[in-house]
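Colleague: Quick one: the structure is below, and I'll ask about it shortly.
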Amino acid sequence: MSTIVDRIKAIEDECAKTQKNKATSYHVLGQLKAKLAKLKRELLTPSSGGGGGAGVGFDVARTGIASIGFIGFPSVGKSSLMSGLTGTESIAAAYEFTTLTTVPGTLQIHGAPIQILDLPGIIEGAKDGKGRGRQVIAVARTCNLICIVLDVLKPLADKAVIENELEGFGIRLNKQPPNITYKKKEKGGIAITNTQPLTKLTHDEIKAVMSEYRMANADIHIRCDPTLDEFIDVIEGGRCYIPALYCLNKIDAISIEELDLLYRIPSAVPISAKDWLNIDELIETMWDKLSLRRIYTLPRGAKSPDYTAPVVLRSSHCTVRDFCNSIHREIAQQIKYAVVWGTSVKHSRGQKVGLDHVLEDEDCVRLIKRI
């Protein structure tokens, strides 16, 4: 393990020394970064003894519509926040490492049950196995949203360290997968097509990466302007693209002027778990980041929908077909059309739509079956 870490460090140092403004360096840099990605994968691959898995006490049974993982350094207030939000007893104390296992709880947001996972505190070097950090981050990879809890007195430094740890474990925060596809072929070499100019990546780098992965013949289609790292992510695979928000705790210890500066950090919500300040904004931001959709049903003959029991869908691109499938997988085959009320249609009195109509949050749907 230590040998792999040393090799990773050596290649990272070599990458830093490689000057990208030299014509020959594009090929070299592509190979170096591809080697680096392969070594990191080797480091993170579970051993035959199972040491790389979530581990006893870390993974938990999943409940609710979606899950949010609370991650951060020890003693930043994760457990206090978790207990206040869910009523679940997660031991909180003024010393480090009071949470030693994953503690689950449930938070109701707009009628939807959301599972909260209070993960043990991580330390720098977690991705390399320090402090059982790999097991902690392995659970974070399975969450629908990662809530990084930071101490408001040093948010930027801690934020950078935790992002680096998650990045090293294949987690990409607040990013979308690059629109890149490739297909191996028997002959013909590397054929690259791109729909827009490549300003961050060269053809030499692409070919160097493919060579490192021993793919001499492939068709590559690029429909974005990716970086070299993003291209390697596609070839390497196994990446998790997860939304994240930054919970800046302990605002009771700072001034109003300092609080104004914190709001400039993207996807950040300043709070105080101790004095329970700004928690409503945190919950609303969680809901927005999860991209959940509440769809209400209006059965034939009913005068108004049941607003207490929405069907909650977990995609921001929800169709009537998705809605039907969430109720029962065979319903969509029986539907003639649907009538929808809400922001996704133009007519306030209801509009006939097909199965591919995209629904918005809090739309109301009546399904009309074939006779």
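Colleague: Only one of these conditions is not met by ILE171: (1) touching a residue at least 24 places away in the same chain (Cβ under 8 Å); (2) outside the structural domain of ILE71 (by TED's automatic domain parsing). Which number is it?
Modeller: (2)
Colleague: Moving to a separate point now. Looking at (1) surrounded by fewer than 18 Cβ atoms within 10 Å (Cβ to Cβ); (2) modelled with pLDDT of 80 or more; (3) not in a loop (DSSP other than H, G, I, E, B), which is the one condition that is false for THR63?
Modeller: So the condition that THR63 fails would be (3).
Colleague: What is the one condition in (1) over 23 Å from SER67 (Cβ atoms); (2) part of a loop (DSSP other than H, G, I, E, B) that ALA309 does not satisfy?
Modeller: Evaluating ALA309 over (1) over 23 Å from SER67 (Cβ atoms); (2) part of a loop (DSSP other than H, G, I, E, B) leaves (1) as the failure.
Colleague: For ARG214, which of the numbered conditions (1) closer than 30 Å to PHE70 by Cα; (2) over 29 Å from the mean Cα position of the chain (by Cα); (3) not hydrophobic (A, V, I, L, M, F, W, C) fails to hold?
Modeller: (1)
Colleague: If you don't mind, another one. Against the condition closer than 30 Å to ASN249 by Cβ and buried (at least 16 other Cβ atoms within 10 Å of the Cβ), how does LEU298 come out, does it pass?
Modeller: So LEU298 does not fit the description; no.
Colleague: Among the residues of the range 281-306, what is the count of those that are more than 24 Å from the chain's Cα centre (by Cα) and free of Cβ contacts under 8 Å to residues at least 12 places away in the same chain?
Modeller: Summing the residues that are more than 24 Å from the chain's Cα centre (by Cα) and free of Cβ contacts under 8 Å to residues at least 12 places away in the same chain in the range 281-306 gives 5.
Colleague: So, one more: Consider ARG294 against the criteria (1) assigned to a helix (DSSP H, G or I); (2) out of contact with any helix residue (DSSP H, G or I) (no Cβ under 6 Å at 6 or more places or on another chain): it satisfies all of them except one. Which criterion is unmet?
Modeller: Just one mismatch for ARG294, condition (1).
Colleague: Another question about this same structure. Residue check: is ALA157 in contact with a Phe, Trp or Tyr (Cβ under 9 Å, 6 or more places away or on another chain) and at pLDDT below 95?
Modeller: Considered against the rule, which asks whether it is in contact with a Phe, Trp or Tyr (Cβ under 9 Å, 6 or more places away or on another chain) and at pLDDT below 95, ALA157 comes out as no.
Colleague: Select from the range 231-257 the residues that are part of a helix (DSSP H, G or I) and without any contact (Cβ under 8 Å) to a residue 60 or more places away in the chain and list them in ascending order.
Modeller: PHE231, VAL234, ASP252, ILE256, GLU257, listed by residue number.
Colleague: Here are some residues: ASP361, ASP280, ASP260. Which one is under 24 Å from GLY111 (Cα atoms), charged (D, E, K, R) and assigned by TED's automatic domain parsing to the domain that holds ILE116?
Modeller: Residue meeting the stated conditions: ASP280.
Colleague: Can you name every residue in the range 204-218 that is exposed (fewer than 15 other Cβ atoms within 10 Å of the Cβ) and in contact with a strand residue (DSSP E or B) (Cβ under 8 Å, 6 or more places away or on another chain)?
Modeller: Result: ALA216, ASN217.
Colleague: Mind telling me which of the residues VAL269, VAL209 ends up being part of a helix (DSSP H, G or I) and of a type in the set (Val, Ile, Thr)?
Modeller: Answer to the selection: VAL209.
Colleague: Pairs please, first residue from the range 174-196 and on the phi > 0 side of the Ramachandran plot, second anywhere and of a type outside the set (A, V, I, L, M, F, W, C) and loosely packed, with under 11 Cβ neighbours inside 10 Å, Cβ atoms under 8 Å, 6+ apart in sequence or on different chains.
Modeller: ASN174/PRO266
Colleague: Out of ALA309, ALA273, I need the residue that is over 30 Å from SER255 (Cβ atoms) and either within 23 Å of the chain's Cα centre (by Cα) or of a type in the set (A, V, I, L, M) (or both). Which one?
Modeller: ALA309
Colleague: Scan the range 277-288 and tell me whether some residue there is assigned to a loop (DSSP other than H, G, I, E, B) and exposed (fewer than 13 other Cβ atoms within 10 Å of the Cβ).
Modeller: The answer is no, given that none of the residues of the range 277-288 is assigned to a loop (DSSP other than H, G, I, E, B) and exposed (fewer than 13 other Cβ atoms within 10 Å of the Cβ).
Colleague: Please find, among THR193, THR199, THR181, the residue that is assigned to a loop (DSSP other than H, G, I, E, B) and farther than 16 Å from PHE70 by Cα.
Modeller: THR199
The values are calculated or read from the model by the stated rules, or taken from the named source; none is laboratory data. The model shown is predicted, which means the values in this text are computed figures rather than measured ones. Note: ideal-geometry Cβ built from the backbone for every residue, glycine included; neighbour counts use all protein chains shown.
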